[in-house]
């Protein structure tokens, strides 16, 4: 169990994609370096590390919260979501879905939320049941053996810049058009035991994350520059990209996530009902 020795640093998981930069950029400058350790990984790895107790607090796939909701508390006003286009959760298809439903889809192994979002929409919206084949995010290799490929995060963005004659569906836009709601792809959660044992440390991280988010939302320049340098593309693209995402976990995003969990339960992707339980900032009371 983590945090049993309270002299050890609290461990924080950071999603290693540009879509989470506005939550985490400059976080470490706002924390005592001796008391906290930030670990960068893709969402699927952070999901595992938080679930096993190797992390105390982390950004994780929303679906992973649904699987482990009894063990976690959510940090309010922190998420990665969109109401409409997300631009980095993309289904690349050889033929338009209106003409032909895909029979096999290669799916990313880096996140649980997007794969299950795809399954929900294929089953309930497009009324088809393709075979899903887990694969590394290499678009060319994925399409060698599949009719379509789901890629997320930075690899999806880079693939979207290449004109390969493919048809592309943005899952955020599809979900919003279908439900009228937003979609929350990642949340920030602490292990419930950590929030009980060491609420002060969790509260410090929470306040630092909120401060980072609020600062970065109005000071996107450094993130845009970093994205151009690290990932390519032009500044106008990245400005659009960061503005298309929502980080506040507002009511439209919470309602969309609740519906996503309901559909996941209906389709047997989740075995349990999911309640959104939040960490309470005692200092604010």
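What follows is calculated from the coordinates using simple rules that are stated; it is not laboratory data. All values derive from a computational prediction rather than experimental measurement. Quick reminder, even Gly has a Cβ in these numbers, built from the backbone with ideal geometry, and neighbours come from all protein chains shown.
General remarks:
- Taken over the stretch 142-285, the ratio of Cα radius of gyration to 2.2 N^0.38 Å equals 1.28.
- Binning the alpha carbon pair distances of the chain at 10 angstrom intervals from zero yields the distribution 7, 29, 36, 21, 6, 1, 0, expressed in whole percent.
- The angle separating the long axis of helix 235-244 from the principal Cα axis of greatest extent in the chain is about 70 degrees.
- Among 50-62, 155-167, the order from most to least packed when residues are scored by Cβ within 10 Å on average: 50-62, 155-167
- Taking the longest Cα principal axis of the chain as reference, the axis of helix 251-266 is set at about 60 degrees.
- Relative contact order (%) - the stretch 45-141, alpha-carbon pairs under 8 angstrom, separation at least six: 26
- Relative packing of 208-220, 127-139, 66-78, which averages over residues the other C-beta atoms within 10 Å, highest first: 66-78, 208-220, 127-139
- Principal-axis tilt of helix 221-231 within the chain, Cα atoms, nearest 10 degrees: 50
- Whole-Å distance, taken between Cα centres, linking the stretch 184-252 and the stretch 1-70: 13
- Gain in span if fully extended, residue 273 to residue 158, counting 0.36 nm per residue against the direct Cα distance: 37.8 nm
- In this rough spin-label picture, where each label sits 7 Å from Cα along the Cβ direction, the residue 124-residue 239 distance is 3.8 nm.
- Expected 222 nm ellipticity per residue - DSSP helices of 4 or more, -39500 (n - 2.57), all of the chain, to 500: -11500 deg cm²/dmol
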